[in-house]
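To start, the structure under review is shown below, and the notes come after it.
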Amino acid sequence: MKKKLKIPVDNVELESNLVIPDGAKSIVLFSHGSGSSRLSPRNNFVAEVLQKAGIGTLLFDLLTEEEDEVYETRFNIGLLTERLIGVTKWLIKELPKIGPANSTRLSRNSIGPTSLRRGPSTGPTIGYFGASTGAASALYAAAKMGDVIGAVVSRGGRPDMALSACPDVKSPTLLIVGGDDVPVIGMNKEALDALRCEKKLEIIPGATHLFEEEGTLEKAAELAKEWFKKYLQQ
């Protein structure tokens with residue numbers, strides 16, 4: 001199932017693209033970096049890899065076109081976090097109305113008793129994928145949403161911008177960084193030390209910040225897929 005949606009959050013409507021493969025029992029929400037959008041070619045590439053693995057995806061704009069024109073708003077992590085939380089809550093409530101038959105179970109399990117039990121067959125059904133500064137809002141949101149969020153993956157992220165939230169994150173968290181993205185490696189190591197959940201840092205040799213080098217984005221997408229398959233309900 002593929003749908004283009006306008007999700008109401010904070011008195012605005014956020015443009016969104018929802019894809020739920022047949023039989024999917026989990027879904028990943030994408031939190032893009034500043035200046036990017038739901039149309040990000042890199043995030044869409046990762047989303048397609050997840051979809052082929054039977055995982056649903058929701059890519060959406062964290063800001064309206066008007067808001068995105070204001071430079072400071074792009075880096076307002078507090079606002080971006082509240083938008084991500086708002087979209088998550090909307091999805092849990094509305095998915096049974098707009099999705100396929102199996103989405104009722106997906107939404108119910110996200111907030112029901114089974115969402116508190118981790119594991120490959122009974123784990124939570126919602127994950128976050130954050131890129132660049134979007135990783136910070138993903139971690140802040142995961143800390144606030146608790147056990148509802150089953151896993152977090154950061155690609156070339158700035159989790160150091162969410163250091164105060166890191167100790168409260170319960171979701172297993174994977175940090176993926178390019179081997180040639182030296183400053184960001186240090187930032188991710190700092191966040192790794194602050195996290196108290198199950199965690200892992202993966203450094204992809206030869207990759208720079210945007211993972212533009214041949215095969216590097218594919219490697220990052222594969223790592224993300226395996227992490228979500230391990231920790232989200234299958």
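Read-outs throughout are calculated quantities, based only on the coordinates presented, and are distinct from any laboratory measurement. None of the values given here were measured: they were computed from a predicted structure. Because the Cβ atoms are built from the backbone with ideal geometry, glycine has one as well, and the counts that use them run over all protein chains shown.
Nearest 500 deg cm²/dmol is fine: what mean residue ellipticity at 222 nm does the chain get from its DSSP H runs of n ≥ 4 alone, each adding -39,500 (n - 2.57), divided by its residue count?
My calculation for the chain gives -12000 deg cm²/dmol from helical runs alone.
What is the gain in length, in nm to one decimal, between ASN11 and GLU198 on full extension, counting 0.36 nm per residue of separation less the C-alpha to C-alpha distance?
This chain segment gains 63.7 nm when fully extended.
Whose amide H sits under 5 Å from the amide H of GLU202, counting only residues 5 or more places off or on another chain, with H placed in the peptide plane?
LEU175, ILE176, VAL177
Going down the list LYS93/LYS189; LYS6/LYS189; LYS3/LYS89; LYS6/LYS225; LYS97/LYS200, which pairs span over 30 Å between their C-alpha atoms?
Listed pairs above 30 Å: LYS93/LYS189; LYS6/LYS189; LYS97/LYS200.
So if R0 is 35 Å, what FRET efficiency would ASP168 and LYS2 give, r being the distance between their Cβ atoms, rounded to the nearest 0.05?
Once the sixth-power term is evaluated, E becomes 0.50.
Which helices, taking whole DSSP H runs in the chain, have alpha carbons extending 20 angstrom or more along the helix axis plus mean Kyte-Doolittle at least -1.0?
Counting only whole DSSP H runs, the qualifying helices are 77-98, 216-231.
For Cα extents along the principal axes in Å, several values are listed as (i) 46, 41, 34; (ii) 57, 33, 30; (iii) 48, 42, 40; flag the one computed from this structure.
Matching the structure shown: (i).
Would you mind checking which residues have amide H under 5 Å from VAL153's amide H? H placed 1.01 Å from N; only 5 or more apart, or other chain.
TYR128, PHE129, GLY130, LEU174
Which order do peptides 198-204, 77-83, 131-137 fall in by mean Cβ count within 10 Å, highest first?
Ranked by mean Cβ neighbours within 10 Å, highest first: 131-137, 77-83, 198-204.
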